[in-house]
Each structure stands twice: as structure tokens, then as C-alpha cells.
Amino acid sequence: MKQKQIIIFLILLVAYALAAFLTYTFFVDELAATAGVPMPEMGVPDAILGLANAGIVLVLYGLLGLAGFWFDRKLGLPGIFSEDGNWRRWFFIPLGLGLVCGVALVMGDMLFAPINDFGLMVHPGFPVSILASISAGIGEEIAFRGFVFGLWGLILNWLLKRLNGRTVALWIANVIAALAFAASHLGTVLVLTGATSLAELSPVLIVEIFVLNGIIGIIAGQRYMKDGLVAATGVHFWTDVVFHVIWGLVG
């Protein structure tokens, strides 16, 4: 089954690399327009830029993912997917949770918008939004659920081993990974707002980023513990489809 786990991981990795290639080859101007900043002149064709980004994805996220897979095996977690043969748990439960989380993000964004000194969150136009959902759903789950969660889970499990604190260690690691995941969005917010430091951002906006993204991270982490990376990726992807793709088109 280890070989099947690696094969599924490679499929996810290639899908992420392909999304990165398409984004930077065909939609880099739209991406820059969404951020509100001009794309620096690289002096190379867009296809080369796309290939370079795809290569970075394959190497960097490949290493992070394999490290995370090793951490998971040490912790006795499912890894890439649970091996009980119930594939419905990898699809339908993440789909349902993602749809609910996506709606919750829309409602939360609308709630915070009047008081965060920024307004509603910005969404990339279609089809960049679907490519971004694929990239974030796979890449961020590899980085934060696979690597960050796995690393902290291993460290905390070792520290709490004498107390038989594996469950506690995993949930603390889940919270740490969720907070790191939320914090990773602050850079995008700085670009979108034109702020040069976090001190220039509204405290309400910072709270919004941590609360909304942190909740998604916790839920994705729970599915990660239960059914593996594929399930966590599903939760994240479908959440982004609702929030960035559908809400981006009609909101």
C-alpha cells in the first residue's frame, strides 16, 4: 500500500504543478491585476515562467510532501489516504464539509466587511480562480497539514510520550498548523491593501484572517488525521470553489 500512497501523492503533485504552469503561462496578467500590482518584467516568455514555477512546485512541494508522509507513518496516521478501502470518505465527506465551510467563509466575510477597513475579500477572475483553488487545495495542504502538522505532531508526541498523550499531541499540532496556515495569508492581505507592515492593518481584518482561515485549517486537519492528505485537500479545494470560484462570480 505504501507504493499506492506515493502514486496518489505524485498525482496530486503533478496536478498542482500543471495548475501552476497554466496560471503563469496564460493568466499571469490576470493574477497581477487581482493583486493590484504590476507583474515585474522577467525578460523570458510566459511559457518559461510557467515551466519554472511548475519545476519549483515539483521539487519544493515534493520534498515537503515526502517529509510529511514520513512524519505521518511515524505517527501512525493514514498518510496520503486511509487504507480501509472506503473511498467515499475521501470524496463525499470532504465535499460536504467543503461546501459548508465555503458558505461559512462567505457569511463570515460579509459579516466582517463593514468593520475591517477593507471590505469584501478580493477573488481572482475565472478561470484563474479554479486554478488557484487547485493550487491552494493541494499545495497548502502538503505544506501545512503534511509538513507542519506532521513535524509538530512528531515533536509533541515525543514530548508527551510518557503521558500517553498522542491524541493531545495531534490536536495541538493541528491547532499549530491551522494558525500557521492562517498566518500565511497575511502576506496576500498586505499586497491587496497596499500596507507595508502588519501594524498598518486593521486589527479586525487580522482577526478575520485568523478566525476564518483557522477554522478551515482545523477542519482540514481533522480530516487529515482521520483519512489523510486526499481528504484534507478535498475540504480545502471545495471550500475555495465555493468562496473564490462561485462567490467570486456571483458576489
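Where a number appears in this text, it was derived from the coordinates with a stated rule and is not lab data. The structure displayed is predicted, hence computed values, not measured ones. Counting neighbours? That spans all protein chains shown, and the Cβs are built from the backbone with ideal geometry, glycine included.
Quick notes on this one:
- Measuring nothing but how far apart in sequence close Cα pairs (under 8 Å, 6+ apart) lie, relative to its length, the stretch 2-250 scores a relative contact order of 31 percent.
- Summary of packing: across the peptides 96-105, 154-163, 239-248, the per-residue average of other C-beta atoms within 10 Å ranks them, highest first, as 239-248, 96-105, 154-163.
- Shape call, the stretch 1-159: gyration tensor on alpha carbons, a/c limit 1.5: oblate
- Residue order for GLU83, GLU30, GLU200, fewest other beta carbons within 10 angstrom first, comes to GLU200, GLU83, GLU30.
- A straight line joining the Cα centroids of the stretch 81-156 and the stretch 178-251 runs 7 Å.
- Whether the stretch 95-237 is rounded, prolate or oblate, judged on the alpha carbon gyration tensor where a/c under 1.5 counts as rounded: prolate
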